[in-house]
Amino acid sequence: MNKLLALACIVGFLISCSQETVTLSVTSPGKINTIDFHLSADGEPTYLVSHNEKVIIDASSMGFDFKDQKALKDNLKILSSEKKAVYKTWEMPWGEQKEVVNNYNELMIALEENSAPHRKINLYFRAYDDGIGFRYEFLPQQGVDSLVIMDENTEFQLTEDYTTWWIPGDWDIYEHLYNTTKLSEIDATTKRNNPNLAQTYIPENAVNTPVTMRGSDGIHLSFHEANLTDYAGMTLKVDTTSLKLTSELVGSDRLGHKVKRALPFKTPWRTIQIAEKATELIDSKLIVNLNEPNKIGDVSWFKPKKYVGIWWEMHIGKSTWDYAGSQDMNSFTTDAKPHGKHGATTENTKKYIDFAAENNITGVLVEGWNTGWEHWIGFEDREGVFDFVTPYPDYDLEELNQYAKDKGVEIIMHHETSAAPRTYEQQLDTAYQLMHKLGIHSVKTGYVGKIIPKGEYHHGQWMVNHYRKVLETGAKYQVAINAHEPIKATGIRRTYPNAIAREGLRGQEFNAWAADGGNPPEHLPIVAFTRMLAGPIDFTPGVFDIGLPSKEDNHISTTLAQQLALYVVVYSPVQMACDLPENYEGQPAFQFIRDVGVDWDQTVVLNGEVGDFVTIARKERETGNWFVGGITDENKREISLDFDFLDEGITYDAIIYKDAEDAHFKTNPTAIAIENMEINKETSLSIPMVEGGGFAISLIQKN
Ligand code: NOJ
Ligand code: CA
């Protein structure tokens, strides 16, 4: 049957095309991306994706292996198919932009096995102008209540040896440096022993998503998933010879499978963002669009915010989380005497609250306030250790909460679970009730270490469900979650807008203590086009004491101007000013952090290439002021900026924070030049960035 005939028989009718091969297609609204679905004569489904007529994904098969059933991969027939065209807009309660357009064409294909047990599966393909997504729906089966999936075999057959930016398909942690290699050169398993990580498990030559690629003609692809709900995270196994990726779900060694689900159910969406230029990847809203609308209602109790906190001082070794243990973060002991270096004291917290209140910062994170830190990392048995309601004796929770409130500041709660989610779940209600009572509306959670029980991994179905339970509990008690060592972002923030940010990458903390010295200058210019496509990042920018005098072997590989730029480039509705208050005193550059917005009406990606540089402009929701940030890798470069994105008829008082001529991330990182000027829509400027440098601009409307 040819394509036309196949199309003709789907328009609103039930068809039966079981004897012959069938192709059904769906094209994006702007006719840019097309998905062809093909069923071979023996009932084997494949799909193919093209972009402006060019094949991006060649015929690729789909299928599943189960525990108590035979594999599902062929012997299928089409029962029916249906097409729909959707154009909708929706509003982000907080975000990179206010209004999002969700415009796609969908093709649903209902399949059934030709012979017993006649299992049924529906496929949903959505073609967007900025990429594609597809998912599987398993329908009820006679006499079977649930399916045990041993693996999903979704293939992505690439058609060229792309330049690829990837991290290993670790089942526990995304905190790896990105590698830049040809697809055919990916070798994820040599990264097995990462000295910086308390947990890591890389069983295959696979990569984690988002994984981004660039083709010889400049096309960019990024593979990921959307709406990861009650399912295992997907890594992508790489066949370096045939240039094929295959889904490899994260498993549970404890339960001996990958996924168990009651029927019927839908899998997460498998997604490919497709762009002509790197910058369009950041513009794409494909991932959030493939999630369900907000289902927790009004979240105006959460206000996007800048925050400071008792945090960096522990990472650079000035103080400790624990009250009475040894002072080395890698070898805590249960020594019972207070050692006097505890960071989260009432007095120290007041210092941070005062500093926040004076500087237009509305949050203060306090880590190490609760008991349990004497028995944190390095211990096998971490069950029952952390207590999420009991402060150390030198921390007055109630007094500080009031002290902060009186100054217009909110404490950000901290829950380090030490990867013992069962202990955390036992205390969830009590811990969140406490926050509710205190009027605390956000918590940073953490999952450092190997998951207890043994045999579970951070990215498996069991943990995916744990992270969701925390979000649901948060919604119930009006608490927003910023998870560290999280499951990856898959656009769930649309459905649960209390999922405000997460880590899920090598954050700033690595610069303080990583055995390899820290993140190289190309790290963030890669992150902007990989990890950032998934969702908001709690990177914790803002180090001013860049030389890290107390840490001989570590350094920050950026200039000061780049640290400022990160507030705009790296999107999050919570942005930390992570350095110690004393390091900001008397620093003119700190004015940018005071001024910069955290919630945006609009975002414009001005330029960028993966791993090299990127410049982003964002318009603040309440004020209409604009902020621009640009960063470069280890190469210096000059950026031409046209301000034609600014609003018509408005003149802005601009402050430009740029690398001084003699700045350099290694030898002279803090040299910064600050200039004031008036800017409007007609202005254009050329801005130099030094090696590891950047720039930040605030554009405040003149009245
Ligand atoms: C790891 C987190 O990424 C870091 O931000 C936090 O300070 C520690 N865990 C302690 O919870
Ligand atoms: Ca971390």
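The values are calculated or read from the model by the stated rules, or taken from the named source; none is laboratory data. Keep in mind that what you see is a predicted model, and the values were worked out from it rather than measured. FYI the Cβ positions are ideal-geometry reconstructions off the backbone, even for glycines, and counts take in every protein chain you see. Remember, those area values only see protein heavy atoms, side chains included, never the ligands or the DNA or RNA. Shrake-Rupley method; radii C 1.70, N 1.55, O 1.52, S 1.80 Å.
Can you find, within region 485-499, the residue that is farthest from ligand 2 (Cβ to nearest atom) among those that are open to solvent by 10 Å² or more (accessible area, probe 1.4 Å) and more than 19 Å from Lys295 (Cβ to Cβ)? Among them, the one singled out is Lys488. Of all residues in region 472-489, those being under 18 Å from the mean Cα position of the chain (by Cα) and over 16 Å from Ile412 (Cα atoms) number 5. For Ala565, the conditions (1) open to solvent by 10 Å² or more (accessible area, probe 1.4 Å); (2) of a type in the set (A, V, I, L, M); (3) in contact (Cβ under 8 Å) with a residue 60 or more places away in the chain all hold with the exception of (1).
In region 249-271, what count of residues is obtained for those that are basic (Lys, Arg) and either surrounded by 22 or more Cβ atoms within 10 Å (Cβ to Cβ) or under 23 Å from the mean Cα position of the chain (by Cα) (or both)? I'd like the intermediate steps shown before the answer.
Residues of region 249-271 basic (Lys, Arg): 254, 258, 260-261, 266, 270.
If we keep only those that are either surrounded by 22 or more Cβ atoms within 10 Å (Cβ to Cβ) or under 23 Å from the mean Cα position of the chain (by Cα) (or both) too, we end up with 258, 266, 270.
Within region 249-271, residues that are basic (Lys, Arg) and either surrounded by 22 or more Cβ atoms within 10 Å (Cβ to Cβ) or under 23 Å from the mean Cα position of the chain (by Cα) (or both) number 3.
Going by what's in this entry, would Ile78 be described as in contact (Cβ under 8 Å) with a residue 24 or more places away in the chain and out of contact with any Cys (no Cβ under 7 Å at 6 or more places or on another chain)? The answer is no for Ile78.
Here Phe510 meets the list (1) surrounded by fewer than 24 Cβ atoms within 10 Å (Cβ to Cβ); (2) in the same structural domain as Thr603 (by TED's automatic domain parsing) almost entirely, failing just condition (2). Across region 382-417, the qualifying residues are those that are in contact (Cβ under 8 Å) with a residue 60 or more places away in the chain and assigned to a loop (DSSP other than H, G, I, E, B), and the one among them that is nearest to ligand 1 (Cβ to nearest atom) is Arg382. Has region 343-358 got at least one residue that is in a loop (DSSP other than H, G, I, E, B), at pLDDT 95 or above, more than 21 Å from Asn370 (Cβ to Cβ) and open to solvent by 20 Å² or more (accessible area, probe 1.4 Å)? No: region 343-358 contains no residue that is in a loop (DSSP other than H, G, I, E, B), at pLDDT 95 or above, more than 21 Å from Asn370 (Cβ to Cβ) and open to solvent by 20 Å² or more (accessible area, probe 1.4 Å). Filtered by the rule that a residue be open to solvent by less than 40 Å² (accessible area, probe 1.4 Å) and either over 18 Å from His342 (Cα atoms) or within 28 Å of the chain's Cα centre (by Cα) (or both), region 374-384 gives Trp376, Ile377, Arg382. Restricting to region 503-542, name every residue that is within 14 Å of ligand 2 (Cβ to nearest atom), among the β-branched types (Val, Ile, Thr) and over 11 Å from the mean Cα position of the chain (by Cα). Residue satisfying the conditions is Thr540 alone. Of all the listed residues (Lys469, Lys437), the sole one being away from ligand 1 (no atom under 16 Å from the Cβ), free of Cβ contacts under 8 Å to residues at least 12 places away in the same chain and basic (Lys, Arg) is Lys437. Per the listing Asn114, Asn102, the residue uniquely under 32 Å from the mean Cα position of the chain (by Cα) and in contact (Cβ under 8 Å) with a residue 60 or more places away in the chain is Asn102. Filter region 178-207 for residues that are away from ligand 1 (no atom under 16 Å from the Cβ), assigned to a loop (DSSP other than H, G, I, E, B) and touching a Lys or Arg at 6+ places or on another chain (Cβ under 7 Å) and give the result. Within region 178-207, Ile202, Glu204, Asn205 meet the criteria. So, Gln157, is that one within 16 Å of ligand 1 (Cβ to nearest atom), in contact (Cβ under 8 Å) with a residue 40 or more places away in the chain and not β-branched (Val, Ile, Thr) or not? Criteria not met by Gln157. Take Arg502 and decide whether it is over 28 Å from Val288 (Cα atoms) and either free of Cβ contacts under 8 Å to residues at least 60 places away in the same chain or touching a Gly at 6+ places or on another chain (Cβ under 6 Å) (or both). Spelling it out, it is not the case that Arg502 is over 28 Å from Val288 (Cα atoms) and either free of Cβ contacts under 8 Å to residues at least 60 places away in the same chain or touching a Gly at 6+ places or on another chain (Cβ under 6 Å) (or both). Highlighted here are the strands (runs of 3 or more DSSP E) found entirely within region 630-703 that include at least 1 residues which are under 29 Å from the mean Cα position of the chain (by Cα), assigned by TED's automatic domain parsing to the domain that holds Gln602 and crowded, with 18+ Cβ neighbours inside 10 Å: 637-642, 652-659, 684-689, 694-701.
Check Lys98, Lys182 and return the single one that is open to solvent by 30 Å² or more (accessible area, probe 1.4 Å), farther than 30 Å from Gly297 by Cβ and away from ligand 2 (no atom under 16 Å from the Cβ). So that I can check it myself, show each step before the final result.
Numbers: Lys98 fails: farther than 30 Å from Gly297 by Cβ.
Selected residue: Lys182, the only one of Lys98, Lys182 that is open to solvent by 30 Å² or more (accessible area, probe 1.4 Å), farther than 30 Å from Gly297 by Cβ and away from ligand 2 (no atom under 16 Å from the Cβ).
Listed by first and then second residue, the pairs linking a residue in region 421-434 that is modelled with pLDDT under 95 to a residue that is open to solvent by 20 Å² or more (accessible area, probe 1.4 Å) and not in a helix (DSSP H, G or I), with Cβ atoms under 6 Å apart and 6 or more places separating them unless they lie on different chains, form an empty list. Candidates in region 472-483 are the residues that are not aliphatic (A, V, I, L, M) and not in a loop (DSSP other than H, G, I, E, B); of these, the one that is farthest from ligand 1 (Cβ to nearest atom) is Lys476.
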